[in-house]
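For reference, the structure discussed in these notes is given below.
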Amino acid sequence: MSTTVDEAGARRPTTPSPPGPPPTPRDRVPHTIPPLIRRNTILLALTQAFVGMGNQTTPTIAPIIVVQMLGSATLSGLGSSILGLSRLIIAFPVGWLTDRYGRKAGLMLGLWLSLIGTLILGSAMIVGSFALVVVGLVVFGMGVGAAQQLRLAAADMFVPGRRGEGLGYVLTGSMIGAVAAPVLFWGGEMLAGVTGQDRVTGIWFLAPVIIVPSMLLVLLVRPDPKTIAQNLEQYYPGYVAPPSERAPAPRGSRVRAWLRNYPLTTAFASSFAALGTMTMMMAMTALALDHHGYGLTLISVSASLHTIGMFGFSIPFGRLSDTYGRRNIMLVGNVVIALGSIFVGTSPDYFVITLGTFLVGVGWSCVNVSSSALITEVVGPSERGRAIGLSDTISQASTIVLPLAAGPLVEWAGLPTLAVVTFLVLVGPIIMLARLREPSPGQYAHGPKAEPAM
């Protein structure tokens with residue numbers, strides 16, 4: 001037994017300290033959010049609100065546009081699949097752009113593409129050209145895909161121990177957009193009534209009213225979030241950045257290494273399943289509600305509640321993932337998505353379907369916040385844009401396949417088949433998450449160990 005010497009010189013046995021939890025890593029010690037970070041976070045959250053308000057229009061009314069122009073529900077998922085393909089195309093290139101020139105460059109590109117896309121879509125509805133609709137959906141979808149780098153801009157500005165929370169602050173901005181989106185739909189219908197155009201046409205010409213202010217907000221963000229991420233120690237006194245955040249990015253592509261990294265592949269697979277099933281549900285339920293005679297305003301209310309589920313709880317989910325780990329919150333999210341799919345697929349009632357889509361949104365939120373935080377913990381600031389882009393590329397692939405397959409399935413066997421498809425898609429990610437070892441939040445025990453974030 002070890003001993004100590006008291007003031008009188010007598011040697012006394014020491015009492016061993018009781019075992020306790022391991023010390024908190026220095027990079028995860030709670031830190032106060034600096035004023036500049038708060039300011040930038042508010043600006044990005046407001047941008048997310050405007051972007052979310054505009055983005056909600058397309059997945060909600062794209063199936064209606066397709067059926068209206070083609071006269072069949074068989075290809076009702078085509079609009080969502082086009083959007084998914086567009087986002088897939090832009091995801092990795094815009095990630096490269098943000099890694100090289102900063103996050104603001106990617107965000108501005110996305111907003112400009114969104115603006116151009118809305119004008120093309122509005123013009124397409126006036127002339128009745130489905131080919132022009134497809135072009136507009138592609139351009140708008142690329143803009144939406146580029147704007148996904150907003151969540152990376154948020155994560156960049158926060159230390160690891162508060163990164164989930166930081167993501168939550170910005171993503172919650174979409175809830176404001178969800179609440180305001182029915183106003184855009186209502187205004188579009190009123191404008192169409194005055195001008196004598198189709199009810200959908202006016203919505204596209206009102207969208208620029210919310211896109212242009214978003215551009216101004218992005219320009220006010222200073223310095224660029226990537227610069228903050230590379231110098232977190234300057235903004236958070238006492239913070240010690242891990243070597244992974246200080247090292248320069250290596251040359252060459254890292255995609256192959258990321259795909260061999262078990263925590264990253266688990267995050268990619270979870271995002272694929274969550275986004276794909278959610279997109280499939282939204283594409284089919286909007287069409288079902290329209291078929292039952294509900295107007296665009298009521299459909300928008302249902303979609304807005306779904307979007308509230310997607311973003312309204314981002315802050316608590318982010319904090320929970322910071323406290324209890326990314327793995328656990330992603331598991332909860334997958335279970336909630338499965339539950340929501342049952343409600344959507346087994347009832348014709350408006351309120352039950354709306355509850356189901358709300359739960360699907362809640363489950364996706366759990367996965368989105370946690371998987372995004374996980375990626376930023378494994379990959380450093382100089383490469384995060386591409387890593388997030390790779391994740392978006394993989395997940396957007398599901399938004400092409402699943403909605404397109406859902407149309408024929410629903411016509412053949414009815415909406416209950418959506419719940420079956422959801423369960424089949426979620427099985428793989430749930431198994432992967434069950435095997436993911438996360439001894440403490442943001443720390444992953446897998447060998448060979450993940451290559452350090454650069």
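Convex hull volume per residue, computed on the Cα atoms of the stretch 107-263, equals 156 Å³. In terms of packing, defined here as the mean over residues of other Cβ atoms within 10 angstrom, the peptides 189-199, 91-101 line up highest first as 91-101, 189-199. Sorting the segments 364-373, 407-416 by their residues' average number of neighbouring beta-carbon atoms within 10 angstrom, most packed first, yields 364-373, 407-416.
For the chain, the equivalent ellipsoid derived from the Cα gyration tensor has semi-axes of 42, 24, 19 Å, listed largest first. Axis of helix 208-220 versus longest Cα principal axis of the chain: the two differ by about 20°, to the nearest ten degrees. Relative contact order for the stretch 196-345: what percent, with Cα pairs under 8 Å and sequence separation of 6 or more? For the stretch 196-345, the relative contact order is 14 percent.
Expressed in units of 2.2 N^0.38 Å, where N is the residue count, the Cα radius of gyration of the stretch 350-454 is 1.33. Among 201-207, 431-437, the peptide with the highest mean count of other Cβ atoms within 10 Å heads the list, and the full ranking is 201-207, 431-437.
Helical content alone sets the calculated 222 nm signal of the chain at -24500 deg cm²/dmol, taking -39,500 (n - 2.57) per DSSP H segment of four or more residues and averaging over every residue. On C-alpha positions alone, give me the angle between the axis of helix 262-291 and the longest principal axis of the chain, in degrees, nearest 10. Its long axis makes an angle of about 30 degrees. For the chain, the longest principal axis of the Cα atoms and the long axis of helix 78-101 meet at an angle of about 40 degrees.
Here, each number is a calculation from the coordinates, and none is a lab measurement. The model shown is predicted, which means the values in this text are computed figures rather than measured ones. We place every Cβ from the backbone using ideal geometry, glycine too, and count neighbours over all the protein chains shown.
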